[in-house]
Amino acid sequence: MSSTTDSSVVLEKPAEDKPSEDVVLRLEDLVVEFPAGAGQIVHAVSGINLEVRRGETLGLVGESGCGKSTTGRAIMQLPKPTSGSVHFDGRDLASLSSEEVRKLRPKLQMIFQDPISSLNPRRRIPDIVGDPLVVWGRGAEKAKVVPEVLRAVGLDPEQVADRRPHQFSGGQCQRVSIARALVLEPEVLICDEPVSALDVSVQAQILNLLEDMKARYGLTLVFIAHDLGVVRNISDRVAVMYLGRICELGPTEALFDAPVHPYTRLLVSSIPSMEGAQRGEVGTGEMPSPVSPPSGCRFRTRCPLATDRCASEVPEMREVAPGRFTACHHPILDTPVEAPLPAAVAGDHSTNGTAPAPADS
Ligand SMILES: Nc1ncnc2c1ncn2[C@@H]1O[C@H](COP(=O)(O)OP(=O)(O)O)[C@@H](O)[C@H]1O
Ligand code: SF4
Ligand SMILES: [Mg+2]
């Protein structure tokens, strides 16, 4: 029996007027484009639909340049997406006035890859952490809240009282960034490669800290990284991105044990070598430019299962097993990651020159 199938259910978009209670963030047809000069356009994010459930950690993984950070910033409306919408707690951020968005902003916080350069070098640590309270008119709470949150992230308020960022290691600066993000009691924390610049031993400490903070403050995390091992470690569900689109979404263990999208599969099967996985790369050439992405399925130029259909038809996101979604015309079902890729679909022809010959039947 072939392990590929097209008989899946089309994923329906949630009805606009029925926000699901456990969904804190919903991205609908999110598109972000940048001008690239000479009339060209960078198609950084091209129609993402995604729901983030309250209290979960959703990992967003994919090769460098696939649009992860742009997605994270679009959620924050920094800048506003080119089209599509971001619903936070059931409210479409694009439909709100700038004052209403401003009021919601404390609930959505973001931390970044390079903690040292994202902290003001001239400010002392307690001021850096307390500044958001001042900005939001809650300066009177600084003396009580800042020491609490510093202790929560594992820093001694007295020891850091007169220190500035350059006096700390990268891991300690990331603790300061996390404290600053938490001081306004956000609902959602978007973590953009928060451990990628840190030593492996420090990475584990920061991941543990994020887990602790999530439990303590009831946070929802969107965890962006190119390192599959890190994403696997921390995420409840994982969304895999390729060239501006989501190609697979599912519960972490199921997705890593038996990926259904050829790209996820190539990514995950490169984990034993770790090097490729840590760079979030697969060994089938380079990602095409987002200025001129391939027609149909954007992964087709590197996909060993590509067929003619893949060049002419954009694969829609479909639910192929309970809770498992993929955008692929020929998903790989019921096949553990250790097994070889199934042959291309009978009757179709390769479009990329690397696919195996179609079966005879
Ligand atoms: N402000 C910008 N102007 C032009 N191109 C951009 C801008 N920001 C990101 N890009 C491009 O969009 C694509 C996605 O970038 P990014 O979201 O940073 O990817 P990732 O975080 O996955 O590495 C890349 O090709 C990048 O060069
Ligand atoms: S090229 Fe075809 S088989 Fe490969 S991932 Fe895309 S849709 Fe699936
Ligand atoms: Mg990035």
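The values are calculated or read from the model by the stated rules, or taken from the named source; none is laboratory data. From a predicted model like this one, the values you see are computed outputs, not experimental measurements. So basically every Cβ, Gly included, is an ideal-geometry build from the backbone, and we count neighbours across all protein chains shown.
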* Residue satisfying condition, being surrounded by fewer than 20 Cβ atoms within 10 Å (Cβ to Cβ), modelled with pLDDT under 95 and away from ligand 3 (no atom under 16 Å from the Cβ), within set G323, G296, G283 -> G283
* Asked: Which fully enclosed helices (runs of 4 or more DSSP H) of the stretch 51-154 have 2 or more residues being within 16 Å of ligand 3 (Cβ to nearest atom), at pLDDT 90 or above and under 29 Å from T252 (Cβ atoms)?
  -> 68-75
* Asked: Just to be sure, is V230 in contact with a strand residue (DSSP E or B) (Cβ under 9 Å, 6 or more places away or on another chain) and within 15 Å of ligand 2 (Cβ to nearest atom)?
  -> no
* **Selection within the stretch 228-273 - of a type in the set (G, A, S), modelled with pLDDT of 95 or more and within 24 Å of E211 (Cα to Cα)** => S235, A239, G250, A254
* Is it true that some residue in the stretch 60-77 is more than 14 Å from ligand 1 (Cβ to nearest atom) and closer than 20 Å to T326 by Cβ? -> no
* Tally, over the stretch 236-255, of residues that are touching a Pro at 6+ places or on another chain (Cβ under 9 Å) and either farther than 26 Å from G296 by Cβ or more than 16 Å from ligand 1 (Cβ to nearest atom) (or both) -> 3
* Asked: Checking G276 against (1) modelled with pLDDT under 90; (2) over 22 Å from F256 (Cα atoms); (3) among the small types (G, A, S), which single condition isn't satisfied?
  -> (2)
* Residues of the stretch 207-221 classified as in a strand (DSSP E or B) and touching a Cys at 6+ places or on another chain (Cβ under 7 Å), total -> 1
* Test N208 against the stated conditions and say whether it is out of contact with any Gly (no Cβ under 6 Å at 6 or more places or on another chain) and within 30 Å of R318 (Cα to Cα). => no
* To do: List every residue pair whose Cβ atoms lie under 9 Å apart, where the two residues are 6 or more positions apart in sequence or sit on different chains, the first residue falls within the stretch 119-130 and is more than 12 Å from L150 (Cβ to Cβ), and the second residue, located anywhere, is small (G, A, S) and in a helix (DSSP H, G or I).
  => L119/S177
* E185 in a helix (DSSP H, G or I) and surrounded by fewer than 23 Cβ atoms within 10 Å (Cβ to Cβ) -> no
* **Any pair with Cβ under 9 angstrom, 6 or more apart, that starts in the stretch 62-75 at a residue that is touching a residue at least 24 places away in the same chain (Cβ under 8 Å) and ends at one that is in a helix (DSSP H, G or I) and within 16 Å of ligand 2 (Cβ to nearest atom)** => G62/Y263; G62/L267; E63/L267
* Spot the failing condition for V230; the list is (1) away from ligand 3 (no atom under 16 Å from the Cβ); (2) not in a strand (DSSP E or B), and only one is missed. => (1)
* Out of the residues in the stretch 17-40 that are among the aliphatic types (A, V, I, L, M) and surrounded by 11 or more Cβ atoms within 10 Å (Cβ to Cβ), which is modelled with the lowest pLDDT? -> A36
* Tally time: how many residues in the stretch 192-206 are surrounded by fewer than 18 Cβ atoms within 10 Å (Cβ to Cβ), assigned to a helix (DSSP H, G or I) and not small (G, A, S)? -> 3
* To do: Starting from residues that are within 16 Å of ligand 1 (Cβ to nearest atom) and β-branched (V, I, T), keep the ones in the stretch 155-200 and report whichever is modelled with the lowest pLDDT.
  => V195
